[in-house]
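Asker: One structure follows; several queries about it will come next.
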Amino acid sequence: MLEKDVAAVLEHYPRIYFACHTRHVREPLSGDVLSSHQVSILDHLSASEATSLAELATHMGVTPSTMSLATERLVGGGYVRRTRDRADKRRLRLLLTAKGQRVREAHSVLDPARVSAVLRRLSGPDRARAIRGLELLGRAAAAENEQRTRATEGDVS
């Protein structure tokens, strides 16, 4: 039974994502346009804790050279600041700038207007059931992520 449910999620989620995802994001002050891929990189960075370029590349499933090219554009645009690791000068560390933080805070993966248009196609009762289902999936996803984080940190309980 679970296999059938997994197949249903895998079938329907891409349709929802394609219909509702944000294609491009604008920087709130300058109006500069960033791609969803660029914003995804910003989503993985912090203004206070530097992330190594190699770790970010591995996490996002690309080579360090590919990540280097992508972050170079973000550095050039003033969204990311690059520093050298204090302990190992060969390693690059990445930090969000104030401009990068504004973009990250101002965007959502889903476009509210597109989500609204999709929800308007449902009757009230169907919409309520759809939202309830998403709430349940969201809670289960949060619990799974929490367990993975604990396992990664060696605190499996």
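The values are calculated or read from the model by the stated rules, or taken from the named source; none is laboratory data. In this text the structure is predicted, and so the values were computed from the model without any measurement. All Cβ positions, even for glycine, are placed from backbone atoms using ideal geometry, and neighbour counts span all protein chains on display.
Asker: So V33 passes all but one of these: (1) in contact (Cβ under 8 Å) with a residue 12 or more places away in the chain; (2) in contact with a His (Cβ under 9 Å, 6 or more places away or on another chain); (3) not basic (K, R). Which condition number does it fail?
Answerer: Answer for V33: the failing condition is (1).
Listed here are the residues, each with its yes/no results for (1) over 15 Å from A106 (Cβ atoms); (2) of a type in the set (A, V, I, L, M); (3) modelled with pLDDT under 85.
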residue	(1), (2), (3)
V9	yes, yes, no
C20	yes, no, yes
L29	no, yes, yes
D32	no, no, yes
S36	no, no, yes
A50	yes, yes, no
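Yes/no matrix, rows are residues, columns are (1) under 24 Å from E27 (Cα atoms); (2) of a type in the set (K, R):
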site: P64; (1), (2): no, no
site: E72; (1), (2): yes, no
site: G77; (1), (2): yes, no
site: R82; (1), (2): yes, yes
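Asker: Something else: Considering only helices (runs of 4 or more DSSP H) fully contained in the stretch 75-157, which possess at least 2 residues that are without any contact (Cβ under 8 Å) to a residue 12 or more places away in the chain and exposed (fewer than 15 other Cβ atoms within 10 Å of the Cβ)?
Answerer: 112-120, 124-152
Asker: Please verify whether the stretch 10-31 includes one or more residues that are under 14 Å from the mean Cα position of the chain (by Cα), surrounded by 10 or more Cβ atoms within 10 Å (Cβ to Cβ) and charged (D, E, K, R).
Answerer: No, every residue in the stretch 10-31 fails to be under 14 Å from the mean Cα position of the chain (by Cα), surrounded by 10 or more Cβ atoms within 10 Å (Cβ to Cβ) and charged (D, E, K, R).
Asker: Residue check, V25 against (1) assigned to a helix (DSSP H, G or I); (2) under 13 Å from L110 (Cβ atoms), all met but one. Which one?
Answerer: The single condition V25 does not satisfy is (1).
Asker: Still on this structure, I have one more. Regarding the stretch 58-68, can at least one residue be identified that is part of a helix (DSSP H, G or I), of a type in the set (A, V, I, L, M) and under 17 Å from T97 (Cβ atoms)?
Answerer: No, the conditions are met nowhere in the stretch 58-68.
Asker: Within the stretch 37-45, is even one residue within 19 Å of R84 (Cβ to Cβ), surrounded by 14 or more Cβ atoms within 10 Å (Cβ to Cβ) and among the hydrophobic types (A, V, I, L, M, F, W, C)?
Answerer: Yes: the stretch 37-45 contains one or more residues that are within 19 Å of R84 (Cβ to Cβ), surrounded by 14 or more Cβ atoms within 10 Å (Cβ to Cβ) and among the hydrophobic types (A, V, I, L, M, F, W, C).
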